[in-house]
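Just so you know, all these numbers are worked out from the coordinates, no wet-lab data involved. All figures in this text were calculated on a predicted structure; none of them were measured in a lab. Don't worry about glycine lacking a Cβ; one is built from the backbone with ideal geometry, like all the others, and counts go over all protein chains shown.
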Amino acid sequence: MNNRKMYNTTLDADLIRQIKILAAQQEKRQNDLLEEAIKDLLKKYEIKAKP
């Protein structure tokens, strides 16, 4: 079972526009793409996130 929590932040308006477009093109939820990007960033810096 997922242990999900709300996380609120602000982003550059152009990034928001781009993620909306990408989500529509990929037929994915914006949240799923943002979560994938965060996981990639953590991997880049070798920070282990809990599965």
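Here are some notes:
- Answer from Lys28, Lys20, Lys43 - the residue that is out of contact with any strand residue (DSSP E or B) (no Cβ under 7 Å at 6 or more places or on another chain), among the charged types (D, E, K, R), surrounded by 10 or more Cβ atoms within 10 Å (Cβ to Cβ) and in a loop (DSSP other than H, G, I, E, B): Lys28
- Count of residues meeting criterion [acidic (Asp, Glu) and either within 12 Å of the chain's Cα centre (by Cα) or not in a loop (DSSP other than H, G, I, E, B) (or both)] in the range 1-17: 1
- The set of residues from the range 1-27 being in contact with a Leu (Cβ under 8 Å, 6 or more places away or on another chain) and charged (D, E, K, R) is empty.
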